[in-house]
Amino acid sequence: MSSSADIPTRRERAKITAGAIAACMLWSSAFIFIKIGGAWMPPLQFAGWRFLFSGLVLLPWLPRGCGCTWREIGATIVRSWHMLVLLGLLQIGLKYAFFYIGLSFIPAALGAMLSGAGPLIVALVVRGVNRTEEISGKMWGALLLGLLGVVTLTLGRQRMGAVGDWALLGIALILLNNVVSALGDIAVSKEKRGISPMLIASASLVAGGAGLLAVGIPVEGWVSPVVGEWRFYVSLVALCSISSIGFSIWFTLLKKPYVRVASLNFWKFLIPLFGAMLAWIVMPDEHPSLVAILGMVFIVGALLLFNRSSRQRG
C-alpha cells in the first residue's frame with residue numbers, strides 16, 4: 001500500500017521524465033566516442049581511465065551537491081566505504097567490462113540497439129528480487145514490444161556489419177551487462193543510509209574505474225593514456241562528461257522514494273533510438289537498414305504504450 005508521500009505530483013513526474021530522457025540521451029552518445037577512442041587503447045583500460053577521471057571530476061562539486069561539509073563527506077565514506085566500493089565494482093566495473101568488450105566485437109549502432117533489452121531484463125530481475133514493486137499487464141506488453149524491437153535488430157545483425165562467432169559473443173556480453181546494471185540500480189534504490197546520490201556516483205565511478213584498470217593493465221598490457229592524438233582526448237573528455245553528469249542524474253532519480261526501478265529503466269529504450277541515429281550520422285561505415293528501422297518502430301510503439309500505462313496509473 002503506497003502512502004501519499006510515495007505518489008509523485010504531475011510536476012514531479014515531469015521532472016523525472018525529463019531527467020531520465022536527459023541521462024539516456026547522454027548515454028546514447030557514448031557509443032560513438034567509445035568507438036573513436038577505442039582505436040588507441042584496449043577496452044578495459046579505456047573504460048577504466050574514463051570512469052576514474054569521471055569520478056574525480058565530481059569531487060569539487062561534492063559539498064554543494066551533497067549539502068554538507070568535507071568532514072561530513074569523509075565520515076560518510078569511512079562509514080559506508082564497503083558499500084560504495086561494492087556498488088562501484090558492480091555497477092561500473094563489471095557492467096562496463098562486459099559492455100566495452102562486447103562493443104569491441106559489434107558495430108556502434110547494434111551496440112546501442114541491444115541496450116534496448118535493458119528495460120525488460122531490469123523488470124524481470126526486479127520482479128524476482130523485489131516482490132513489492134508491481135508491474136502492470138500493459139507495462140509487460142510494452143516491455144515485450146520493446147524486446148521484439150531488440151530481437152528484430154539482432155536478427156538483422158549481418159546487415160549492420162556484425163558477422164561471425166565473435167559478433168554473437170559481443171551480443172551476449174551486452175545483454176549480460178544489462179543484468180548487472182539491473183542489480184546495481186536495485187542496490188542504489190534500496191540504499192537507506194541517506195547517502196547523497198552525487199557521492200554515490202563519484203565513489204562508484206572511482207572504485208569501478210580503478211577496478212577496471214586493475215584488471216585491464218595485467219590482461220591487456222600497459223598502454224599509456226598519453227597517446228598524442230587529439231581525437232582520443234576529445235572522446236575521453238566527452239565520455240567523462242557523459243558519465244559524471246549521466247550517473248549523477250540517474251542515481252538522484254533512483255533515490256527518490258516514489259520512483260520504481262523498472263519504470264525508470266523503461267526510458268532506456270531511448271538509448272537505441274538516439275544511439276543508432278547518431279551512429280548513422282557520425283560513423284561513415286554504418287548505415288540504416290530496413291530491419292533496423294522496423295526494430296526502431298517497435299521500440300517507439302513500446303514507449304507510447306508505456307506512457308499510456310503510466311498516465312492511467314497516475
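With respect to the conditions (1) closer than 24 Å to M277 by Cα; (2) in a helix (DSSP H, G or I), L52 lacks only one, and its number is (1). From the list S248, S263, S289, S241, the one residue that fits, being under 21 Å from the mean Cα position of the chain (by Cα), surrounded by fewer than 19 Cβ atoms within 10 Å (Cβ to Cβ) and among the polar types (S, T, N, Q), is S241. Considering the stretch 30-44, the residues that are part of a loop (DSSP other than H, G, I, E, B) and either open to solvent by 50 Å² or more (accessible area, probe 1.4 Å) or touching a Lys or Arg at 6+ places or on another chain (Cβ under 6 Å) (or both) include one that is modelled with the highest pLDDT, namely W40.
Between a residue in the stretch 293-314 that is open to solvent by 80 Å² or more (accessible area, probe 1.4 Å) and any residue that is of a type in the set (V, I, T) and modelled with pLDDT of 65 or more, which pairs come within a Cβ distance under 8 Å, given they are 6 or more apart or on different chains? That search, which allows pairs on different chains as well, returns L294/T152. Picking from residues in the stretch 150-182 that are at pLDDT below 80 and buried (at least 18 other Cβ atoms within 10 Å of the Cβ), the one that is nearest to L254 (Cα to Cα) is V150.
A single member of T9, T69, T76 is open to solvent by less than 60 Å² (accessible area, probe 1.4 Å) and of a type outside the set (F, W, Y), and it is T76.
The values are calculated or read from the model by the stated rules, or taken from the named source; none is laboratory data. What you are looking at is a predicted structure, and each value in this text was computed from that prediction instead of being measured. No Cβ is skipped: glycine too gets one built from the backbone with ideal geometry, and neighbour counts run over all protein chains shown. Just the protein is used for accessible areas: all its heavy atoms, side chains included, with ligands, DNA and RNA removed. Shrake-Rupley method; radii C 1.70, N 1.55, O 1.52, S 1.80 Å.
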